[in-house]
1. Identify, from the list A140, A167, A151, the residue that is out of contact with any Cys (no Cβ under 9 Å at 6 or more places or on another chain), more than 24 Å from R96 (Cα to Cα) and not hydroxyl-bearing (S, T, Y).
2. Out of the residues in segment 17-27 that are within 17 Å of A145 (Cβ to Cβ) and touching a residue at least 40 places away in the same chain (Cβ under 8 Å), which is most open to solvent (accessible area, probe 1.4 Å)?
3. Among the helices (runs of 4 or more DSSP H) confined wholly to segment 85-186, which include 2 or more residues that are open to solvent by 30 Å² or more (accessible area, probe 1.4 Å), in contact with a helix residue (DSSP H, G or I) (Cβ under 8 Å, 6 or more places away or on another chain) and at negative phi?
4. Which condition from (1) over 25 Å from S33 (Cα atoms); (2) modelled with pLDDT under 95 is the one that L94 breaks?
5. Taking interchain pairs and intrachain pairs at least six residues apart, which have beta carbon atoms under 7 angstrom, with the first residue in segment 28-46 and open to solvent by less than 80 Å² (accessible area, probe 1.4 Å) and the second at pLDDT below 90 and among the hydrophobic types (A, V, I, L, M, F, W, C)?
6. Has segment 143-160 got any residue that is farther than 30 Å from L71 by Cβ and without any contact (Cβ under 8 Å) to a residue 12 or more places away in the chain?
7. Which one of these does G11 not meet: (1) open to solvent by 80 Å² or more (accessible area, probe 1.4 Å); (2) more than 18 Å from G121 (Cα to Cα)?
Amino acid sequence: MILWLLALGAGALLGGYAIQRVLREQLALQPLSFPTVIVVWALYVWLTALAFLAAWLGIAPLDIPVWLRGLAGGSLLAVGVLLAAAGIGRMASLSRMSGRELETLVTGGVYRLSRNPQNVGWGLAMLGAAIAGDSAFALAGTSVALALFVAYIPSEERFLGHVHGAAYERYLRSVPRYLGLPSASE
């Protein structure tokens, strides 16, 4: 269990470092540098692998009934993967998805339901895996990932407001940050 806690702590530290790099570059109103993109992707991979592995191994069982694990966990996992995949597909570019290409503001498809469908989907998939795997540790890893995501979003929104101006401000008012139906103001 100590190794799992150390691995989770390493993920939290990497997350803090990643957010610090992203904030510094966004404050300078520049696209994310390649090294920062690598750090952010390493964070995603680390926390996701840690949560899914802990779920698969059932680290720190929660004693959730098997039927509920399958129903709730499986449903959240499936919806999360589909939502994240729809967001990734709509971005249609790894550079755009990684914050290196800023010319295009993506607002169609699943981006009409969420300004952050990839991260919402990723979080739902991790939560689903934690429930399906009956793992408190996977749930803790998911919590760290979601806390980092929530801490980062306001900075990204300010940055995109600077880059895309009025178009982003209209988008901000009409589409929920996390998930929901678009407002009628657009």
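The values are calculated or read from the model by the stated rules, or taken from the named source; none is laboratory data. In this text, all values refer to a predicted model and were calculated from it rather than measured experimentally. Positions of Cβ are generated from backbone atoms using ideal geometry, with glycine treated the same way; all protein chains shown enter the neighbour counts. Quick note on the areas: whole protein, heavy atoms, side chains included, nothing else; ligands and nucleic acids left out. Shrake-Rupley method; radii C 1.70, N 1.55, O 1.52, S 1.80 Å.
1. Unique residue meeting the criteria: A140.
2. It comes out as I19.
3. Of the helices (runs of 4 or more DSSP H) lying wholly inside segment 85-186, those with at least 2 residues that are open to solvent by 30 Å² or more (accessible area, probe 1.4 Å), in contact with a helix residue (DSSP H, G or I) (Cβ under 8 Å, 6 or more places away or on another chain) and at negative phi span 117-132, 136-174.
4. (1)
5. P31/L102
6. Yes; the residues of segment 143-160 include at least one that is farther than 30 Å from L71 by Cβ and without any contact (Cβ under 8 Å) to a residue 12 or more places away in the chain.
7. All conditions pass for G11, except number (1).
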